Amino acid sequence: MITKATLADIPALNILINSAYRGESSKKGWTTEANLLEGKRTTEEELTETIQNPKNTILKFTENGKIISSVLLVEKEHQLYLGMLTVDPELQNSGIGRKMLAEAENHAKSLGLTSIIMTVISVREELIAWYKRNGYVDTGEREAFPSSDIHINISEKPLEFIYFEKQL
């Protein structure tokens, strides 16, 4: 079942998101960033701020009482920004990510928005191909990947964000 996350979901969301993006547990799935970045993907504090902002929605996919997927949706002027699409690493390749994308599209339409935008790290070729198969196109826009104490770049290649968009 896909529903809107609440403040009570933050501890579970934090564990899920970090386990899917970074560290050994993320290597069970195909969307890991563990070979590119060290540190945490998010924190409970960041998730709290995110949920408390009325322009943001985090959708969660719950199965048997456990959150197995989530996605951040940020209402922009005429677009919905999609970020942190997360699926439990042991459940990836089961169609859950596609269901979350479909729900994000429904959310955007319910807000009267005309497209969804997102950024993907440039060296994540499999993920880029997956988004393209799901109707997202490279806009040509690029942005330098930010360095911080949380997102520690360990990649030998320079990282940048590629912007993708899907018209609804």
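The values are calculated or read from the model by the stated rules, or taken from the named source; none is laboratory data. Just so you know, these numbers come straight off a predicted model, no measurement behind them. Methodologically, a virtual Cβ is constructed for each residue, glycine included, from the backbone with ideal geometry; neighbour enumeration extends over all protein chains shown. Heavy atoms of the whole protein, side chains included, go into the accessibility calculation; ligands, DNA and RNA do not. Shrake-Rupley method; radii C 1.70, N 1.55, O 1.52, S 1.80 Å.
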Taking the stretch 130-147 as the search range and keeping residues that are open to solvent by 40 Å² or more (accessible area, probe 1.4 Å) and farther than 16 Å from GLY83 by Cβ, which one is modelled with the lowest pLDDT? SER147
So which of THR57, THR6 is open to solvent by 30 Å² or more (accessible area, probe 1.4 Å), of a type in the set (Val, Ile, Thr) and at pLDDT 95 or above? THR6
Going by the structure shown, is ASN64 open to solvent by less than 60 Å² (accessible area, probe 1.4 Å) and not aliphatic (A, V, I, L, M)? no
Exception for ALA108 within (1) open to solvent by 20 Å² or more (accessible area, probe 1.4 Å); (2) within 22 Å of ILE162 (Cα to Cα) falls at (1)
Within the stretch 70-106, track down each residue that is of a type in the set (Gly, Ala, Ser) and within 12 Å of ILE58 (Cα to Cα). SER70, GLY83, ALA104
With the requirement that a residue be part of a helix (DSSP H, G or I), within 17 Å of the chain's Cα centre (by Cα) and modelled with pLDDT of 95 or more, what does the stretch 102-127 give you? ALA102, GLU103, ALA104, GLU105, ASN106, HIS107, ALA108
As an exercise: evaluate VAL87 against (1) in contact with a helix residue (DSSP H, G or I) (Cβ under 9 Å, 6 or more places away or on another chain); (2) within 12 Å of PHE161 (Cβ to Cβ); (3) β-branched (Val, Ile, Thr) and give the number of the one condition it does not meet. (2)
Would you mind telling me which numbered condition in (1) in contact (Cβ under 8 Å) with a residue 12 or more places away in the chain; (2) exposed (fewer than 13 other Cβ atoms within 10 Å of the Cβ) LEU85 fails? (2)
Residue check: is SER94 of a type in the set (Ser, Thr, Tyr) and touching a Lys or Arg at 6+ places or on another chain (Cβ under 6 Å)? no
May I ask you to verify whether SER69 is under 23 Å from ARG133 (Cβ atoms) and either at pLDDT below 95 or open to solvent by 20 Å² or more (accessible area, probe 1.4 Å) (or both)? no
Checking the structure you have, find out if any residue of the stretch 32-41 is at pLDDT below 95, assigned to a helix (DSSP H, G or I), surrounded by fewer than 19 Cβ atoms within 10 Å (Cβ to Cβ) and at positive phi. no
Which condition number does ILE15 fail, the rest of (1) under 15 Å from GLU90 (Cβ atoms); (2) at pLDDT 90 or above; (3) open to solvent by less than 50 Å² (accessible area, probe 1.4 Å) being met? (3)
